1. With the structure loaded, tell me whether A:G52 is over 19 Å from A:F207 (Cα atoms) and either modelled with pLDDT under 85 or away from every other protein chain (no Cβ under 14 Å) (or both) or whether it fails that test.
2. Answer yes or no as to whether A:S78 is in contact with a Ser or Thr (Cβ under 8 Å, 6 or more places away or on another chain), assigned by TED's automatic domain parsing to the domain that holds A:S204 and not in a strand (DSSP E or B).
3. Quick one: would you say A:T115 is assigned by TED's automatic domain parsing to the domain that holds A:G191, surrounded by fewer than 21 Cβ atoms within 10 Å (Cβ to Cβ), within 27 Å of A:E193 (Cα to Cα) and at pLDDT 90 or above?
4. Of all the residues that make up region A:124-147, how many are of a type outside the set (A, V, I, L, M), without any contact (Cβ under 8 Å) to a residue 60 or more places away in the chain and under 20 Å from B:F111 (Cα atoms)?
5. Among the candidates A:S86, A:S101, which residue alone is in the same structural domain as A:Y173 (by TED's automatic domain parsing), modelled with pLDDT under 90 and not charged (D, E, K, R)?
6. Among the candidates B:E139, B:E166, B:E151, which residue alone is within 14 Å of chain A (Cβ to nearest Cβ) and either more than 20 Å from the chain's Cα centre (by Cα) or of a type outside the set (A, V, I, L, M) (or both)?
7. Take B:R158 and tell me if it is surrounded by 20 or more Cβ atoms within 10 Å (Cβ to Cβ) and part of a strand (DSSP E or B).
Amino acid sequence: METWFRRIFLSALAMISLGSPAAQAQQSIYEPEVERREFNEADIDSENFEIGAFVGVVSIEDFEQDTVVGARLAYHISENLFVEASAGFATAGQTSFEVLSGGAPFLTDEERDYTYYDLSVGYNINGEVFVTDSLVLNSDFYLLVGGGSTEFGGDDRFTISVGGGYRLLLTDYFALRLDVRDHIFNSDLIGEEKATHNLAYSVSATFFF
Amino acid sequence: MKTSAALLLMMLFCLTCSPARAEGVRVQVMDSYADMHTGPASEYPRFHVVEKGEWISVLKERTGWYKVATESGKSGWISARSLTRTFAEDGEQITLTQPSFEQSRQRDWEFGLYAGVLENTTALSVSAAWVVTENIVTEIAYTQALGSFSENQLASVRLHHFTFPEWRFSPYVTLGVGQIRTTPRANLVQSGSESRTNDLLEAGVGFRYYLAKNYVVRLEYQRLLALIERDEQEELESWKLGFAVFF
């Protein structure tokens, strides 16, 4: 757009100057053209959000294990602190009692859907990985603690999640992550209420934006 | 029809062919020197020093660190603290700003996460607020409270009034309307889960404390009135403590 204007302007200028050679003699139209961009802080790209998807394995206490898939969205507050929301989905298997007795199932298929979300606060311990002498990647080890909810067996349960992970930044804005988290909630699905530990391992690919 | 399609195509073409965003913003360092780190944190090693008067391109920002490139082709991260005073290309002095308390007063949006207690059950909340004036803030909030007997979901629209927005530790009063949905535990209900939805009125007080950069801590106490039947009401009490980020 700007170039069009400039072209029109310059050709108009050229026509005028051609029309009046006296003016051309008086002043040169070839003024040094220094392109000065106006400073705008908004032109500096801010990359404090991190978004990504994960896939892994979750072991659902008493109900076998399954592949878990989900998404994460994090906001990095400082170089060490971040907050993160995650949501995941898996399907529970059968209890050993159901398998051995071959009797009536405890849960319907729908109730076996295991869906959770958590809101966590994380702390980064920054570091570097020396792949070769010249290839150095930034990385960090992080610890997480949070709360959320797990929908399983027809109910939503308040869930505490604790864990840690490792983030390897392949570029400034693309990272690979390994996560281990324990999702703890009280359940009375098979008898008396007890705290269940549901350990999830996952690999994620995330982008900073 | 044909012309509009052609126009649309042209617009698309213009969008794709418009010059890519310039490679960063060129500034001249005014401070005596600035350390360049290999990563966006003080723990990362320093490997280069940018001198006073040197021109650098600021490429991006992350959590108070700027990724910059020097004219000699070195690139690394400089903390925002050591790059506050610079000259722009037109010779004007510029200040690269980082969020501060002053900016907190001029915020437009605030997003929060809270943990708390709603009538002896653990509750988690999220909120999104739009700041109308320095004193008046509108907010939408969603809370999930998971008890041993039932699950409660609350959604509300609220209005906060900050009497002293110039205080770092700023009290506010809040009023709101919304709905509450209560679902009994599946094992307590024989014929499937029956949930009920009721209107909700809220009133409360809170404190907002500016912590650092662009985040604040909030503490809130609320009395909730669930309008269960025409003449029956249920009063609930809610405490929450949380953390919010403003933009």
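1. Details: over 19 Å from A:F207 (Cα atoms): no; either modelled with pLDDT under 85 or away from every other protein chain (no Cβ under 14 Å) (or both): yes.
When the stated conditions are applied, A:G52 does not pass them.
2. On the way: in contact with a Ser or Thr (Cβ under 8 Å, 6 or more places away or on another chain): yes; assigned by TED's automatic domain parsing to the domain that holds A:S204: yes; not in a strand (DSSP E or B): yes.
Criteria met by A:S78.
3. Values: assigned by TED's automatic domain parsing to the domain that holds A:G191: yes; surrounded by fewer than 21 Cβ atoms within 10 Å (Cβ to Cβ): yes; within 27 Å of A:E193 (Cα to Cα): yes; at pLDDT 90 or above: yes.
Yes.
4. Adding up the residues that qualify gives 1.
5. Numbers: A:S86 fails: modelled with pLDDT under 90.
Testing whether each residue is in the same structural domain as A:Y173 (by TED's automatic domain parsing), modelled with pLDDT under 90 and not charged (D, E, K, R) leaves just A:S101.
6. Details: B:E139 fails: within 14 Å of chain A (Cβ to nearest Cβ); B:E166 fails: within 14 Å of chain A (Cβ to nearest Cβ).
None of the others qualify; the one that does is B:E151.
7. On the way: surrounded by 20 or more Cβ atoms within 10 Å (Cβ to Cβ): yes; part of a strand (DSSP E or B): yes.
Against the criterion (surrounded by 20 or more Cβ atoms within 10 Å (Cβ to Cβ) and part of a strand (DSSP E or B)), B:R158 qualifies.
This table checks each residue for (1) within 15 Å of A:A87 (Cα to Cα); (2) acidic (D, E); (3) in contact with a Phe, Trp or Tyr (Cβ under 7 Å, 6 or more places away or on another chain).
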site	(1), (2), (3)
A:G122	no, no, yes
A:N126	no, no, yes
A:F130	no, no, no
A:S161	yes, no, no
A:Y166	no, no, yes
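The values are calculated or read from the model by the stated rules, or taken from the named source; none is laboratory data. This is a predicted model, so every value here is computed, not measured. Using ideal geometry, Cβ is built from the backbone for each residue, glycine included, and neighbour counts are taken over all protein chains shown.
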